[in-house]
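The values are calculated or read from the model by the stated rules, or taken from the named source; none is laboratory data. Please read these numbers as outputs of a predicted model, since none were measured by experiment. We place every Cβ from the backbone using ideal geometry, glycine too, and count neighbours over all the protein chains shown.
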Ligand code: EPU
């Protein structure tokens, strides 16, 4: 496939921002990817997966490479577990549904997360008490600029809360496939996260299966999070800030109802959605963009917003939270 010029990236980012790529190519095989990465006449390249964790604020002069590597393969299987390798361009949620269909347990709590398989390890995606790292075995990568292939096993990936070596060494590795270990029987279900248990009750489920959990998660997410196909968004725009115990005690003085999750002996995670709501931004609309009405952590494009509108709103929110609570919030999405 030849390189195309001046292509709109609107269909390729879940925020639905209409900027263009000066040079664009979609690749569907490893060989094609390798030869495109080797093109010296385009020294600057931008790898695009599902486009679900980025805010595009300008037209892109780089060569934009859309990773369209498809395919799911069972690598090892016995009575108890299975190792499955999925190529980077597979849609994450379709991959979860494929696992549910086969009764492979492990990522049911991660249903309906937007994005592709290949970008999931970068953020160590997580929801409802489960993170990608819990089932991750390894991923195959091309290293830039020499295009050597390297397989990363879990311990090398430095997974943390929305963090990994791939995020820390941005643009150094292109993930081409990810392998997972799933259970086939006696699935260890994770229903501790409050809303899952209550959703299962609403569904009249007493002995949940992984498929029930997937359905419960889909239902919770659909009720709280906007569908990017209808309202442009990038999921959580900010990370939940981690603060010291002392700082949290100060916060409790003024806000005794502040929710929190312990992180370590001296650190506490405070939900950014709660802070943003307390600061009065929840549901606020500024013309064609704003803060989602059901989940303040999600910034939305109602149609026609540009990336800088949203970036400025995110900065205003960060400034306000710092002023009101003395807490710094870090963006979770990549600003490009
Ligand atoms: N909250 C508010 N107001 C809001 C939103 C949340 O007060 O507008 C409070 C809730 O009442 C609750 C707490 O904040 O006490 C936590 O809310 P929620 O369970 O919705 O989770 P979250 O911390 O806001 C995180 C992830 C989500 C993930 C959910 C569920 C981050 C940055 N976000 O959100 O991930 O789906 O937990 O596990 O860690 C994403 O990354 O795109 C994403 C959606």
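Details
- Scanning the range 111-127 for residues that are over 21 Å from residue 13 (Cβ atoms) and more than 8 Å from the chain's Cα centre (by Cα) gives a single hit, 111.
- The set of residues in the range 248-262 that are touching a strand residue (DSSP E or B) at 6+ places or on another chain (Cβ under 8 Å) and surrounded by 14 or more Cβ atoms within 10 Å (Cβ to Cβ) comprises 248, 251, 260.
- No other residue among 231, 218 is in contact (Cβ under 8 Å) with a residue 60 or more places away in the chain and more than 13 Å from the ligand (Cβ to nearest atom) apart from 231.
- Residues located in the range 278-295, provided they are within 16 Å of residue 322 (Cβ to Cβ) and near the ligand (Cβ under 8 Å from one of its atoms): 278
- Scope the range 19-38; condition surrounded by fewer than 19 Cβ atoms within 10 Å (Cβ to Cβ), over 21 Å from residue 121 (Cβ atoms) and in contact with a strand residue (DSSP E or B) (Cβ under 7 Å, 6 or more places away or on another chain); matching residues: 19, 20, 22, 26, 36
- Single residue of 171, 212 found to be modelled with pLDDT of 95 or more and more than 12 Å from the ligand (Cβ to nearest atom): 212
- Residue 32 falls short on exactly one of the conditions (1) outside any helix (DSSP H, G or I); (2) not assigned by TED's automatic domain parsing to the domain that holds residue 147, and that condition is (1).
- Test: residue in the range 316-331 that is more than 19 Å from the chain's Cα centre (by Cα), within 10 Å of the ligand (Cβ to nearest atom) and under 20 Å from residue 250 (Cβ atoms): no
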